[in-house]
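Structure record follows, encoded as structure tokens.
The values are calculated or read from the model by the stated rules, or taken from the named source; none is laboratory data. Just so it is clear, the structure is predicted and the values come from calculations on it, not from any experiment. All Cβ positions, even for glycine, are placed from backbone atoms using ideal geometry, and neighbour counts span all protein chains on display.
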């Protein structure tokens, strides 16, 4: 499938990570995380985040998020987040399942970034309702957001402050954390625990890994018995070294940032190019590796028929044309971006009638 | 770690499967199982089992078992199985968690193989108890068993007949299915659906894969919405092609049988050699790739100090010496077996005093 | 607590039901529903609904709703309902807990009555999202609604038609079903199964019982094993006859309708009176026994200080004055209504400044 | 149903409790436990137990047990108890459901009383197994036991000591707590928290109430958010005063002890009489209100045909005759006991052939 902007998860595995997997295949090794690579990962992760962390490799983002939340909340709790958060709309009820019933409470925000005021108001409402309502349990922020935007550290801090004021821990869904990080230009510590984040779902799969995500606790004490949860949900691998190897390759020597930088650059290029396309309207700031743009129906249809891969993204706020989502990845060739832009710039029959 | 008989999951990935993983890394591909390899796997699995199956790749045996059971039973149901079944003792409550509360009801049997009479009696008891008791929900058989023994097809049929008579579906935990199969010398069909098995957890990880298990439904209609369960539990991979590739390599060209044959042969060799060791008592028939043997404490201690890896396996039925478990795999070198036997045959100080 | 319009559940038990409880206390009786009264209830309920029903007495509305839904949906399913439905906002996550993770999907509607178009659109969205999203599982309608309005049978039919078209069963939360029924003037059958309702949570506690609700299945086959769910959730009483006695007294001789008629009449009286109060705005049609009205802050404060019991009901749509909710019950004395209206009609200091 | 020894839950409601229910029906009252009676209950319970307790009325023993356990353990935990504990065999999987997957680990003990050694050994095994096994989570003791025997306070203390040593809280299933208490002749405090019990399921329904059980926390801090669990599982009544009224009547003025004393006395009378019956073998000490006795089949059949109500209780340890269970209650008339004994003493045709 060529010129594919459907998602960053359609990308292959990057060379360095594939090499690391192959290298890890050197004879027998203790299973279930007793191996050297897994131990090494703890050290590396603690260095990178500038504090002692507890890190648990898993292999899907849904598992990382749902496991993290199950550690933070009770079955009768509420998790505040954006209304289009992955945990709300894309995990088939995994958070509810893993937590035994907790509710994700989606808050609206045009750019994907919820505000301290919204969170405070939702918590206040729950407290008014008392025992009849789910109890405020946790705050979950997507970084980068589902709309390709990125919270600034001070925005995260302000949100976390509201959460902490009410005793709520803060989870960050970092399926695209590296993309956010290179946009921010700050340290991993500043983007997380220094801004009040307690637990991070750190994604690598969308950014070049085969199957590597991790749940990172910035206070290891909070991870008590987490290994049991991972086991009980079937997410403890016997040959765990092969996930740890991916994460080590990802985090070591800046591969994660390098990959993310390319992905973001390709998205910027797309955005820049689309600004010059007649009838195109960029719908969100392009902070990371996703571009939301409205284009005339004729153009969209033409691009589809030419084999460009992307999703139509129906939005009630878009009254003219069709909204689509374009996602770039570490492996998106600049050529594909240019071909896409060139194709978008052409005149298509019927375009006027949109 | 050398001369390791701790488990078949300490083994590395076999070359053919590693090659398949590398080969699958060829550009972008549809995610979440929309890829060609996953589609191909359905065809291959149906051919191998001689009937149209629905097959769902996952990456741990615990996930395969717990997901399979969650499809078969209700939260208020009982799952009948052996008291040392993996689902009872080694999955940290995964079956209970995935099913929302169903109980595994472990039945005793010295050789790991439960009998139709036991199952009938347990079901009758439950029916007597009525609404207060969990309801008979499913039968789960481990093949090979946790004791390294193997059910004959007619034994499976007789057990399945009791289950079916009461409307219970039959699950087979085939973490070591290939080892059982080569012992039986029958077809995959005869070992499963032709003997009344409805759903199989088909393991590959212990037999040479990196991370590949599958839930196989012999009646695809029974798999209705199973894909949602897999997603909700975080077990749907975005880059699923890399699991499917492993299973294709595993099942194609008889690799799974070849690997299992070697593992079984090494276990036979161990068993045969141990029969000649003074003070050794084989505790179970060695049908597959596990050997349970009682040895004098001095011998066991000496083997441990020489760096042989294995588990002590405390058994109340063993009154003289120490029971240990030895597991062989596709990658166990004949040398290691011979070194082990040679070491076991030596005389050790204190041996008499056991 | 006098002149209490907080909720219909602050009311005492009506005489006929208390008598029935006392009468049921006549010597020993089979436990767990093996008694005569429980058997009798099945017959009476089938007569009243004009079809053979399976009826399961429980003792809270939350239990009735959550149990009913757990019978209808899977853990990975969505339940479509109004955004302020009791199952969404007032049951502390019970539906999620009982179903093992299903999501309530609240749809907005100013008058509490969702529309076929909304449901169709939500289902279409879910189908577009595929395996990543919860699957359309059931439709749940509150009758009367949380806003004191009542669906007409043809409105229920139209909603049920959409649900059925997609294979979804229809649940009705009838915590105030009797209040709806007397408003509609139709038969219980017309209000339920003849309009496409599959399962009804039939409330009695708010309408004069001590602790009596029931889950009513209009197709008894759909109730398969429901008794296990009731037991597993701790909702099977040993002395069940005392709940069945309440329901028999409630349904027999029209007590339920008589009680509801009085409650509705008192609400109408309130509404009628409030229409004549300066500065008062009725916010919803008063179909059943709830009145939502906006009054000047000074009036509301004065009523509170005079000991009238009611809840402030913050509504973003109310820009002038304060919204409050008044609930009447079978036991609300006409005097209390008149006293309330008289008090509301008085002039209070500061009223102008609202 | 006359001369009914099937269970103590077939008994009617005792007069004092029925009066209390009627008396509680005096006008409107705050719902959901905001009423005076519920508040009063907290005070009374704290007095009776000689320490400040948090007490939560519910209406079934299954709910009390399962809710208590869900507060104590995690989904990946084990609950150690006797193999015939109510939570293992009679609650249709409620503990598993409420806890989200925790396993009840039944330990054998002929007289229903598990030992510290057994518990220590089970915990040691779990610790050996590590992450693969459920984690030791709680100890649950039935008092009186399912075999009608009663733990002495020092036996409870010794068991609790083992639990505490491993950080496990201690639950007591006191469905027949009053029967145990009058047997022991100690204070409620000595029987519970002074012996190391953390949470008590206090039963009243079997001992004269209509529907009244309570979860009692001896350290109120341990009850944090328990009210949410009660709500989420549908066990928070709107008209809670009617349960609180029962518990107040039960605990005040010694009614609970008086009722239990009668029940126990009737069981003693049965036991004493049965000792003189030819062919009868008492199978357990009769500490509380249950009698397990083996009688010749001809006698059992004759008693059944004469309309005496009781359960056959198949026991593999009984090789001659048939084991039956007889339960007495606060309302068992001395006449019924004497009629039973008289009937048992008669000679029946076929008796020899047993």
Task: Residues of the range C:220-236 that turn out to be under 16 Å from residue C:42 (Cβ atoms) and touching a strand residue (DSSP E or B) at 6+ places or on another chain (Cβ under 8 Å), as a count - done: 6
- [ ] Determine whether the range B:188-210 contains at least one residue that is free of Cβ contacts under 8 Å to residues at least 24 places away in the same chain, out of contact with any strand residue (DSSP E or B) (no Cβ under 8 Å at 6 or more places or on another chain) and away from chain A (no Cβ under 14 Å).
- [x] no
Open item on the list: Out of everything in the range C:28-43 that is in contact (Cβ under 8 Å) with a residue 40 or more places away in the chain and surrounded by fewer than 17 Cβ atoms within 10 Å (Cβ to Cβ), what residue ends up being farthest from residue D:330 (Cα to Cα)?
Closed with: C:40
Task: Breaking point among (1) part of a helix (DSSP H, G or I); (2) touching a strand residue (DSSP E or B) at 6+ places or on another chain (Cβ under 7 Å); (3) away from chain D (no Cβ under 14 Å), for residue C:216 - done: (1)
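Residue-by-condition table, conditions (1) within 20 Å of the chain's Cα centre (by Cα); (2) under 20 Å from residue D:170 (Cβ atoms); (3) surrounded by fewer than 23 Cβ atoms within 10 Å (Cβ to Cβ):
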{"residue": "D:16", "(1), (2), (3)": "no, no, yes"}
{"residue": "D:26", "(1), (2), (3)": "no, no, yes"}
{"residue": "D:52", "(1), (2), (3)": "no, yes, yes"}
{"residue": "D:59", "(1), (2), (3)": "yes, no, no"}
{"residue": "D:70", "(1), (2), (3)": "yes, yes, no"}
{"residue": "D:82", "(1), (2), (3)": "yes, yes, no"}
Open item on the list: Please go through the range C:299-320 and give me each residue that is closer than 16 Å to residue C:348 by Cα and assigned to a loop (DSSP other than H, G, I, E, B), ordered by number.
Closed with: C:306, C:307, C:308
- [ ] Within the range D:1-57, count every residue that is away from chain C (no Cβ under 14 Å) and in contact with a helix residue (DSSP H, G or I) (Cβ under 8 Å, 6 or more places away or on another chain).
- [x] 12
Task: Residue selected from the range A:258-272 under the condition under 22 Å from the mean Cα position of the chain (by Cα) and either surrounded by fewer than 19 Cβ atoms within 10 Å (Cβ to Cβ) or within 14 Å of another protein chain (Cβ to nearest Cβ) (or both), by the criterion farthest from residue B:12 (Cα to Cα) - done: A:268
Task: Subset of the range A:303-320 (residues that are in contact (Cβ under 8 Å) with a residue 40 or more places away in the chain, more than 20 Å from the chain's Cα centre (by Cα) and closer than 21 Å to residue C:129 by Cα) - done: A:308, A:309, A:317
Open item on the list: When you scan the range D:158-177, do you find a residue that is surrounded by 24 or more Cβ atoms within 10 Å (Cβ to Cβ), more than 22 Å from residue D:221 (Cβ to Cβ) and over 15 Å from the mean Cα position of the chain (by Cα), even just one?
Closed with: yes
Open item on the list: Just to check your reading of the model, which residue among D:277, D:337 is in a helix (DSSP H, G or I), touching a helix residue (DSSP H, G or I) at 6+ places or on another chain (Cβ under 9 Å), on the phi < 0 side of the Ramachandran plot and touching a residue at least 60 places away in the same chain (Cβ under 8 Å)?
Closed with: D:337
Task: Index of the failed condition, residue D:16 passing every other in (1) at pLDDT below 95; (2) under 23 Å from residue C:29 (Cβ atoms) - done: (1)
Open item on the list: Whether any residue in the range A:321-328 is under 27 Å from residue A:13 (Cβ atoms), touching a residue at least 12 places away in the same chain (Cβ under 8 Å), in a loop (DSSP other than H, G, I, E, B) and under 26 Å from the mean Cα position of the chain (by Cα) is what I want to check.
Closed with: yes
Open item on the list: Please go through the range D:43-65 and give me each residue that is closer than 11 Å to residue D:199 by Cβ and part of a helix (DSSP H, G or I), ordered by number.
Closed with: D:64, D:65
TODO: State all residues of the range D:219-239 that are outside any helix (DSSP H, G or I) and facing chain C (nearest Cβ under 9 Å); if no residue qualifies, say none.
DONE: D:233, D:234, D:235, D:236, D:237, D:238, D:239
Open item on the list: On the basis of being over 16 Å from residue C:325 (Cβ atoms), within 14 Å of chain D (Cβ to nearest Cβ), modelled with pLDDT of 95 or more and in contact with a strand residue (DSSP E or B) (Cβ under 9 Å, 6 or more places away or on another chain), does residue C:246 make the cut?
Closed with: yes
TODO: Can you tell me which residue among A:224, A:228, A:241 is more than 24 Å from the chain's Cα centre (by Cα), surrounded by 19 or more Cβ atoms within 10 Å (Cβ to Cβ) and at pLDDT 95 or above?
DONE: A:228
